[in-house]
Amino acid sequence: MAQGVRSGRQADVWRSLFRIGVGVYWLYFASQKWPAPYGVGPTHGIGWMHPLMQQAAAVNPISFVQQFLTQVVLPNWQLFAVLQAAAETAVGALLILGLATRPAAFIATLLALNLSLTVAFTDTDVGIRWLYYLPVLASFEVFVSGAGALAVDRAGFVPRWLRS
């Protein structure tokens, strides 16, 4: 019996570490869109995203996605870039902290689906595209598994609506 309880706790800690890792992933990629001096990496701000969005609209093989990118996203690219950066920042922070884990992981899954159905097609190497597909699976796994043992939402002072 004690062995089962211990392995259950270990699995619960593992879920927490996995959730935190997925949160770090989202926060890192969000930080590439933050303005200087806050951003990380060679790019700062959202300006670098515009050519990428143009390329995604030009090469996307899914007709309705290509039309949406061309007719809605490109004319409003700054709004969509800011929304993407804000959403990535929010889900990254929430997942790292373990607050509203399942809703944050669901939104992260949608963000990853967005990237895998748009930006992934800008790379002709199908192997590289998996770098866009794997976050869909990882984010969905956090949605299914929940926060794990190491989460702020387990504290008594956290309002019910922020718990997973």
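The values are calculated or read from the model by the stated rules, or taken from the named source; none is laboratory data. Just so it is clear, the structure is predicted and the values come from calculations on it, not from any experiment. Backbone-built Cβ (ideal geometry, glycine too); neighbour counts: all protein chains shown.
Is it fair to say residue 58 is farther than 18 Å from residue 118 by Cβ, without any contact (Cβ under 8 Å) to a residue 12 or more places away in the chain and either part of a helix (DSSP H, G or I) or not hydroxyl-bearing (Ser, Thr, Tyr) (or both)? Working first, answer last.
Values: farther than 18 Å from residue 118 by Cβ: no; without any contact (Cβ under 8 Å) to a residue 12 or more places away in the chain: yes; either part of a helix (DSSP H, G or I) or not hydroxyl-bearing (Ser, Thr, Tyr) (or both): yes.
Against the criterion (farther than 18 Å from residue 118 by Cβ, without any contact (Cβ under 8 Å) to a residue 12 or more places away in the chain and either part of a helix (DSSP H, G or I) or not hydroxyl-bearing (Ser, Thr, Tyr) (or both)), residue 58 does not qualify.
Failed condition for residue 51, given (1) at pLDDT 90 or above; (2) in contact with a Ser or Thr (Cβ under 6 Å, 6 or more places away or on another chain), with all others met?
Of (1) at pLDDT 90 or above; (2) in contact with a Ser or Thr (Cβ under 6 Å, 6 or more places away or on another chain), only one is false for residue 51: (2).
From the list 65, 40, which residue is surrounded by 13 or more Cβ atoms within 10 Å (Cβ to Cβ), outside any helix (DSSP H, G or I), among the aliphatic types (A, V, I, L, M) and under 21 Å from the mean Cα position of the chain (by Cα)?
40
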